[in-house]
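Visitor: Next up is a structure, given as structure tokens.
Nothing in this text is a laboratory measurement; each read-out follows from the coordinates by a stated rule. All values reported here derive from a predicted model rather than from experimental measurement. Positions of Cβ are backbone-derived with ideal geometry, glycine not excepted, and every protein chain shown enters the neighbour counts.
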Amino acid sequence: MFGNLKSLEKKLENWRSAGLISSEQSSAILSYEEKQPGKNLAVYSIITLGVSVLCLGIIALIASNWESIPNFIKLSFDFLILAGTGGAVIYAEQNESRNLKQWLILALMILILASIGLISQIYNTGGEFYMAAGFWVVLTLPLVIYAEAHTSVNLWIVGVITAVSGYVYDHKFGGNFKEPTFLLLSCFPVYFYAAGSLFHFFGEKYSHLAAGHRFWAVATVIASTSVLSVFDGEKASGGFFAVIGILAAAFSAVGFGKFEYSENKKAFYSACITALFFYAFVWVKESGISSEILDAVLFLCVWFSFSVLFLQKGQKRLFDFFLAGVGIRFLIVYFQIIKSLAFTALGLIISGILIIGLSWLYLKKREQIQQMMEKFL
Amino acid sequence: MRSFRFLVFAAVFPVIALMFFTVYKWNIVRAGKKIVFDIEGYDPVNILTGHYLIYQVVYKTPDPCTANYDLTSEYIYCSSPSDSSFIPAGADRTGCTVFIKGECKRGRFTAGIERYNIPEEKAEELDKKVREGKGKIQVSVSGAGEAVVEKLFFEKE
């Protein structure tokens, strides 16, 4: 909770000044926190980077074309490294070296990708990169279930996105770019949120997978609403929304279930409303009936309902982020409405005052706004 | 806490799976039926794409996929001592000495043999040979119709 001691000292000083704690209590808290063996995020991140760079170096070494070395030797060397790394993961687990185990899992995941590349190079396997990504996703799934580090989970999810996107662009809609983009941008948020909810439902040992998938659910909604805002609508193939609707309903039914509903009913309803607004936004873009105003209204509804959802889940920073997004989108609407006037000197001055004024007001009154929204909701 | 056995499985499974995949490909090269095709269609300005030579395989019979760029049907290239032809996937293959499975992609029959890995140091030599002569590939084909490119060579015209 207290990222570094300086930040803690500042907080303790504020609390002491406000009369919430005494000087003795402040000293005791500070003394206790100084003794804690906290995770040094900087060192951890640098070592993770080092592991990745090392593995990329091994990939480059294997990928360099040593004609004089028989393929059998290259492959044997590669499998030796893989087996050795796998063995090291098991050894780290037996010795309860948590951090070492996570780094080795990450290294093994990257080396598996390198091995797929080597085998592809030696046997000239045809096919696209997304096929290799899909193969890698399947091979590393058990490792990701066991991993606890966010890096491994995020890397795996990037693999999923690459494999699925590649397949859709390669196989669907005959080379058309917009339709598969619509399909992907509307499906990914559903999949990631449903998967995150399912992992959350299965319990604490899958919390890293739940957190990772939910992060990507939010990230893909941001990407979807931002990218689709600049698309003109285009008719998709028949049954498109029927498929999406069924998927959304099925995943929601399984994902939300009794567990999540009983945890936080308000958040459950907010999530349903957010999903409805999001699909209304996608449908309007896809059906070709969109206009600047309708796009803006639905965009604002999606982002505002997200801010409400995160407020109900107690995630204040995400609440701030999405509310800021709402504010920025309002400004874009403002510029869209006044158009040519916006770029006159007076227009720019008024816009600048408006931006500064609203931002200052929000910063000053943020706590009251949050409390008011919490009461209302 | 996940079980230790699951961790052992998670660490070992990818290694075993990759070994199987390698042995599978190696067996096609070792025991598959050999067939040689002419190749053409590489970009005369920039022959290599990364470390790969991308080309079009010249089948000894008209390609059914060229009729429609958007076609994604699956076909089988059927070769016998007397002739060769393309037949729909699922059709009777008893007359085929060698058959290669593939599908239509962007107006071409694609069987996963349309590229060959080129060592960096050989790139310049390859460029010269391509311009001088006719490229050919030797392909190994398994009994299930899967093909692996064994080697690339050139004959002077």
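Visitor: Show the residues, 5+ positions off or on another chain, whose built amide H is closer than 5 Å to the amide H of B:Ala89.
Guide: B:Glu74, B:Tyr75, B:Ile76
Visitor: Starting from the exponent 0.38 and prefactor 2.2 Å, build the expected Rg for the range A:188-232 from its residue count and divide its actual Cα Rg by it.
Guide: Values: Rg = 12.4 Å, N = 45, 2.2 N^0.38 = 9.3 Å.
In units of the 2.2 N^0.38 Å rule of thumb, it is 1.32.
Visitor: Further, regarding this structure: Can you put B:Arg115, B:Arg5 in order, fewest other beta carbons within 10 Å first?
Guide: Least to most surrounded, the residues fall as B:Arg5, B:Arg115.
Visitor: Continuing with the same structure: Once you wrap a convex hull around the alpha carbon atoms of chain B, what is its projected area averaged over all directions, in nm²?
Guide: Averaged projected hull area, Cα only: 13.7 nm².
Visitor: Report the full-extension gain for the segment A:Leu54 to A:Phe201: residue separation times 0.36 nm, less the Cα-Cα distance, to one decimal in nm. Don't jump to the answer; show the numbers that get you there.
Guide: Numbers: separation 147, 0.36 × 147 = 52.92 nm, distance 3.63 nm.
Stretched fully, the A:Leu54-A:Phe201 segment lengthens by 49.3 nm.
Visitor: On to the next question. Kirkwood hydrodynamic radius for the range A:116-228: how many Å is it when counted over pairs of different Cα atoms?
Guide: Its Kirkwood hydrodynamic radius stands at 15.2 Å.
Visitor: Who wins for biggest fluctuation among B:Ala31, B:Ala11, B:Ala67 in a Gaussian network model of chain B, springs between alpha carbons below 10 Å?
Guide: Checking each option, the largest mean-square fluctuation is seen for B:Ala11.
Visitor: Whole percent per 5 Å bin, from 0 to the bin with the longest distance: what is P(r) over all C-alpha pairs of the range B:67-113?
Guide: 5, 24, 29, 21, 14, 6, 0
Visitor: Further question on the same structure: Once both labels are modelled 7 Å past Cα along the beta-carbon direction, what's the B:Phe4-B:Glu121 spacing in nm?
Guide: Those two pseudo-labels are separated by 4.8 nm.
Visitor: Continuing with the same structure: Taking the Cβ-Cβ separation of B:Thr97 and B:Lys151 as r and a Förster radius of 22 Å, what is the calculated FRET efficiency to the nearest 0.05?
Guide: Efficiency for this residue pair is about 0.60.
Visitor: What fraction, in whole percent, of alpha-carbon pairs in the range B:65-157 exceed 17 Å separation?
Guide: Cα-Cα pairs of the range B:65-157 separated by over 17 Å account for 60 percent.
Visitor: Any of A:Lys74/A:Lys101; B:Lys128/B:Lys151; B:Lys25/B:Lys128; A:Lys11/A:Lys266; A:Lys313/A:Lys364 with alpha carbons more than 28 Å apart? Name them for me.
Guide: Working: A:Lys74/A:Lys101 26 Å; B:Lys128/B:Lys151 18 Å; B:Lys25/B:Lys128 31 Å; A:Lys11/A:Lys266 31 Å; A:Lys313/A:Lys364 23 Å.
Beyond 28 Å between Cα atoms: B:Lys25/B:Lys128; A:Lys11/A:Lys266.
Visitor: Quick check on the exposure proxy: order A:Trp216, A:Trp15 from fewest to most C-beta atoms within 10 angstrom. Let's see the in-between values first.
Guide: On the way: A:Trp216 24, A:Trp15 15.
With the sparsest Cβ surroundings first, the list reads A:Trp15, A:Trp216.
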